[in-house]
Amino acid sequence: MAPYVTLTKHENIGYIEFFNPPHNALPPSLLAELCVLIEAAGEDAQIHVIVLKSGADRAFCAGASFNDMVAITTEAEGKAFFMGFANVINALRKCPKITIGAVQGKAVGGGVGLAASTDICFASEFALIKLSELSIGIGPFVIEPAVKRKIGNAAMAQLTLKAQTFFSAKWACEKGLYANVFETNKALNSEVDILAKELQCYNPEALLSYKKILWQGTEDWDALLESRATLSGQLVLSPKTKAYLEKYS
């Protein structure tokens, strides 16, 4: 199947789905499309709540595309590349609608950042998480504010420094990334739909007011994530990082 990002509407629920085989690593083009649809759903008066999901079976999102990362040759290109996830995180943060994450499979790097940037996130037991950035010579700098906001400093350090370890969905739930974990993806999707249908009936003004309260203290994230993208764009050009990317891309 070809890569895609789609927005579908059912009643007052907007379902945003992304897909890029084989593991949902997202290139800049799909991240840009994702931003556009998040903003469109946020501006659509007929949509009261948004569900973010991916189209793969056991892979939610493998983070940034290695093939695109290895092609970076300048700091400006590097910054632009890492702004992809920064822009999506900020789009979810500033979206005037409540967002629900549905993580049906493994989330790595930026995929963990996407999950953390939804207002509430549910997962299946297949939704293991890993921040592998340090092991390839960069770091989870762009997504760090969003992930740390959910799981705290200690868990963030553990997840970052054990960069080659997949942590279980249960661990992620205990730390606060997931609100609940289900045995099957069918049960996950059922719970997400139940909550979305409940929320679509609530007063949109009340939901918007709560959204603003929920994200208080993040008003500096436009500048913060841009500075983190700049840092990542510099590190991706280091010889050790380049050698790793060329080996595995």
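Of the numbered criteria (1) in contact with a His (Cβ under 6 Å, 6 or more places away or on another chain); (2) surrounded by fewer than 17 Cβ atoms within 10 Å (Cβ to Cβ), the one His10 fails is (1). Residue count for the range 43-99 satisfying the condition of being acidic (Asp, Glu) and either buried (at least 22 other Cβ atoms within 10 Å of the Cβ) or at pLDDT 95 or above (or both): 4. Here is a check on your reading of the model: is Gly105 touching a residue at least 40 places away in the same chain (Cβ under 8 Å) and surrounded by 24 or more Cβ atoms within 10 Å (Cβ to Cβ)? In short, no.
Could you tell me whether the range 8-15 includes any residue that is under 23 Å from Val147 (Cα atoms) and touching a strand residue (DSSP E or B) at 6+ places or on another chain (Cβ under 6 Å)? Even if it seems obvious, please write down each step before you answer.
So the first thing to find is which residues in the range 8-15 are under 23 Å from Val147 (Cα atoms), and the list is 15.
Imposing the further condition that a residue be touching a strand residue (DSSP E or B) at 6+ places or on another chain (Cβ under 6 Å) reduces the set to 15.
Within the range 8-15 (the criterion being under 23 Å from Val147 (Cα atoms) and touching a strand residue (DSSP E or B) at 6+ places or on another chain (Cβ under 6 Å)), the answer is yes, since at least one residue qualifies.
Taking the range 191-229 as the region of interest, how many residues are assigned to a helix (DSSP H, G or I) and loosely packed, with under 12 Cβ neighbours inside 10 Å?
Filtering the range 191-229 down to residues assigned to a helix (DSSP H, G or I) leaves 191-199, 204-214, 221-229.
Filter once more, so that each one left must be loosely packed, with under 12 Cβ neighbours inside 10 Å: 194, 198, 205-206, 209, 212-213, 223.
Here the count works out to 8.
The values are calculated or read from the model by the stated rules, or taken from the named source; none is laboratory data. Predicted model only: the values in this text are computed from it and were never measured. As a convention, Cβ positions derive from the backbone with ideal geometry for all residues, glycine included, and neighbour counts pool all protein chains shown.
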